[in-house]
Amino acid sequence: MVKCEISWQLLAMYLVALVVPVLCGLVLCDPSVVYKMKNIDCLGVAPFSANPVCYIKPLNWNKAVAHMDVDLLKPLHNISVHIQIFKRDYSNQYQPFLVDVIVNLCDILSRRSFMPFGVIFMKIASRFSNFNHSCPFAGHLIARGAYVDESYVPISPLGLYKVNITIMENYPAKRPDHAGGFVWYVQAMTPVIRKKQKN
C-alpha cells in the first residue's frame, strides 16, 4: 500500500496556478478581445416609430459608444426582437455567423423567459437606455453611451461584424408588425495598448 502525502505548500501552489489565470481572465486583467463600434444605422417604420437618430462617438483607440433616439408613435405591448449576427469574410461580404434568434422582450422583462441572447440584449439595453421597465413602451426612447461590453459576450474571432436588430410587434402572428430597428457594425480586435512616454 502506497501512502501519498501532499504538503500544504504544494497544494496552495497548484490552487494559485489554477485560480489566478481564471480570475485574471474574468475580472483583474485587460480583456484579450474588445468590441469597438465602427458605425450604426437606425430605421424608423410608420406608424410605430419616427425620427430615429443614431451616431457613434469615438472615445479612444479601443472604444466608441453609440447614442440613439427614437419616438414611438404607438405604444408597443408585445415586443419581439430578431437578432442576427453576420461576419465579414475575405471577399468583403457579410455572411451569417452563429446567431439568428427571435426573442420576446416582454417575457424576458417579466422573467417568463431566460433565453441567453435575449438576456444579453436586455443587460446591454437596460444599462445604457430607458428601455428598462416592463411592457408596454411608449414615448421617447433613448440610449446614451452604448457599447458591446466584452464581459457579456463570449470571445469571438477577430474581424468585422454586423449585428442586425429588428423590432417587431405581435410576433408570432401571421403578419407581425415591423416597428423599427438598427444595425451595429462592430470590430472584434485585440486591445491597442499605448506606450507610456518617457519624460
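The values are calculated or read from the model by the stated rules, or taken from the named source; none is laboratory data. Remember, it's a predicted structure, so these values are computed and weren't measured experimentally. Every residue, glycine among them, receives a Cβ derived from its backbone with ideal geometry; neighbour counts consider all protein chains shown. The area values use the complete protein model at the heavy-atom level, side chains included, leaving out ligands, DNA and RNA. Shrake-Rupley method; radii C 1.70, N 1.55, O 1.52, S 1.80 Å.
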Problem set entry | Members of segment 151-164 found to be in contact with a Phe, Trp or Tyr (Cβ under 6 Å, 6 or more places away or on another chain) and either of a type in the set (Val, Ile, Thr) or open to solvent by 60 Å² or more (accessible area, probe 1.4 Å) (or both), listed by number | VAL163
Seminar exercise, completed: Here the qualifying pairs (Cβ atoms under 9 Å; residues six or more apart or on different chains; first in segment 43-57 and on the phi > 0 side of the Ramachandran plot and at pLDDT 90 or above; second hydrophobic (A, V, I, L, M, F, W, C) and buried (at least 17 other Cβ atoms within 10 Å of the Cβ)) come out as ASN51/VAL70
Problem set entry | Flag for VAL53 being more than 15 Å from the chain's Cα centre (by Cα) and under 15 Å from VAL183 (Cβ atoms) | yes
Exercise. Looking only at residues in segment 91-127 that are more than 21 Å from ASN78 (Cβ to Cβ) and touching a residue at least 60 places away in the same chain (Cβ under 8 Å), which one is least open to solvent (accessible area, probe 1.4 Å)?
Worked result: PHE97
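For segment 128-150, give me the residue count where each residue is over 12 Å from the mean Cα position of the chain (by Cα), farther than 18 Å from MET68 by Cβ and open to solvent by 60 Å² or more (accessible area, probe 1.4 Å).
2
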Problem set entry | Candidate set from segment 37-83 (those that are in contact with a Phe, Trp or Tyr (Cβ under 8 Å, 6 or more places away or on another chain) and either of a type in the set (Ser, Thr, Tyr) or part of a loop (DSSP other than H, G, I, E, B) (or both)); member that is least open to solvent (accessible area, probe 1.4 Å) | SER80
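Return yes when TYR171 is open to solvent by 30 Å² or more (accessible area, probe 1.4 Å), in contact (Cβ under 8 Å) with a residue 12 or more places away in the chain and over 16 Å from the mean Cα position of the chain (by Cα) and no when it is not.
Yes: the conditions hold for TYR171.
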Exercise. Inside segment 174-199, can you point out the residues that are of a type outside the set (Phe, Trp, Tyr), open to solvent by less than 50 Å² (accessible area, probe 1.4 Å) and over 20 Å from TYR90 (Cα atoms)?
Worked result: PRO176, ALA179, GLY180, GLY181, VAL183, PRO191
Problem set entry | Any chance VAL34 is open to solvent by less than 80 Å² (accessible area, probe 1.4 Å), under 15 Å from VAL163 (Cα atoms) and under 18 Å from the mean Cα position of the chain (by Cα) | no
